[in-house]
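The values are calculated or read from the model by the stated rules, or taken from the named source; none is laboratory data. This structure is a prediction, so every number in the text was calculated from the model and none was measured. Backbone-built Cβ (ideal geometry, glycine too); neighbour counts: all protein chains shown.
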Amino acid sequence: MRLPAWLAQHLAALRALLVLTAVLGLAYPLLLVGVGKIPGLSDKATGSMTPVGSTLIGQSFTDADGDPVPRYFQSRPSAAGDGYDPTATAASNLGPESVVDTLSDDPETASQSLLTQVCARSLAVGELEGVDGRRPYCTVDGVGAVLAVFHRDGFTGPITRVVSVNQTGAPFLATYDGVAVEPAKNGEDYRALGGVITPIRGDAPADPVVPADAVTASGSGLDPHISPAYAELQVPRIARERGIDEGRVRELIAEHTTGRALGFLGEPVVDVLELNLALDGR
């Protein structure tokens with residue numbers, strides 16, 4: 001006896017549901033669990049956890065005041081929440097044209113440009129490591145060296161006014177093309193007022209001593225790695241603080257450096273958490 005068409009269709013749908021549930025809801029998940037138990041993959045499948053956190057997520061090695069702990073390698077900056085927050089993973093969304101700070105008496109509305117963030121971080125890393133932290137387009141006090149230049153005829157003609165847009169104190173330049181440089185005032189938008197935003201390179205070396213990953217956050221804000229160059233910069237401080245030979249510190253860096261994927265993708269990286277755990281002998 002032939003079943004009614006509507007009943008046959010429902011039975012076919014039920015069979016498909018049962019088959020797909022068995023394959024995709026049971027067999028496939030169990031297969032992936034089994035793959036995750038394969039030696040070499042099991043650690044990553046369980047989150048690469050250590051007694052002090054996951055080696056897949058960056059961490060801050062700072063004290064209660066937020067200052068770097070000198071005996072530990074420092075991670076790269078993070079823009080995820082208050083730093084390395086997996087629930088707030090994100091980039092800053094600031095790009096190369098972010099060179100003018102938002103100056104305000106209200107801390108809620110004031111914000112630093114990407115350039116000033118980079119300048120301040122580079123200066124801080126330079127002080128911590130005892131090296132030259134200067135970078136092009138940065139002032140000596142760690143903000144973006146940027147002027148708003150006003151011309152008589154808009155974009156052309158004699159210069160009538162110059163403002164150091166990221167400084168409310170003494171400007172980093174006294175004069176520009178013979179015109180006295182003014183400090184900025186909170187709340188003023190000098191670009192909207194007609195100023196031509198003009199970064200000033202300064203006399204910093206073309207190749208800064210402080211590597212780029214020491215002053216810029218990763219796209220996710222969770223990156224646990226630093227470059228071998230940034231790790232090398234920290235070697236003298238680590239050796240001095242721990243009273244060990246610099247050669248031994250470099251050996252540990254080499255042991256915790258991962259090369260390019262497949263030999264050609266990406267760059268070599270150093271896992272900061274694993275390196276610091278090795279220094280502590282864990």
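Out of curiosity, is A170 modelled with pLDDT of 95 or more and in a strand (DSSP E or B)? Before you say what the answer is, go through the steps one by one.
Details: modelled with pLDDT of 95 or more: yes; in a strand (DSSP E or B): no.
No: the conditions fail for A170.
What is the number of the single condition among (1) under 20 Å from the mean Cα position of the chain (by Cα); (2) among the aliphatic types (A, V, I, L, M); (3) surrounded by fewer than 12 Cβ atoms within 10 Å (Cβ to Cβ) that L275 does not meet?
Unmet condition: (3).
When you scan segment 127-137, do you find a residue that is over 30 Å from R242 (Cβ atoms) and not acidic (D, E), even just one?
Looking through segment 127-137, at least one residue is over 30 Å from R242 (Cβ atoms) and not acidic (D, E).
Among the numbered criteria (1) part of a strand (DSSP E or B); (2) without any contact (Cβ under 8 Å) to a residue 40 or more places away in the chain, which single criterion is violated by T156?
For T156, the exception is condition (1).
Consider A148 carefully, then state whether it is of a type in the set (G, A, S), at pLDDT 95 or above and either assigned by TED's automatic domain parsing to the domain that holds G83 or surrounded by fewer than 18 Cβ atoms within 10 Å (Cβ to Cβ) (or both).
The answer is no for A148.
Could you list, in sequence order, the residues of segment 241-267 that are closer than 17 Å to Q74 by Cα and in contact (Cβ under 8 Å) with a residue 40 or more places away in the chain?
E241, R242
So if I check each of P236, P211, P228, which one is of a type outside the set (D, E) and over 27 Å from A90 (Cα atoms)?
Selected residue: P236, the only one of P236, P211, P228 that is of a type outside the set (D, E) and over 27 Å from A90 (Cα atoms).
Touching a strand residue (DSSP E or B) at 6+ places or on another chain (Cβ under 9 Å), within 21 Å of G126 (Cα to Cα) and in contact (Cβ under 8 Å) with a residue 24 or more places away in the chain: does that describe D213?
yes
If you go through segment 238-259 one residue at a time, do you hit one that is of a type in the set (S, T, Y) and surrounded by 14 or more Cβ atoms within 10 Å (Cβ to Cβ)?
Yes, segment 238-259 contains at least one residue that is of a type in the set (S, T, Y) and surrounded by 14 or more Cβ atoms within 10 Å (Cβ to Cβ).
Give, as residue ranges, the helices (runs of 4 or more DSSP H) completely inside segment 21-137 that count at least 2 residues that are touching a Leu at 6+ places or on another chain (Cβ under 6 Å) and at pLDDT 95 or above.
114-129
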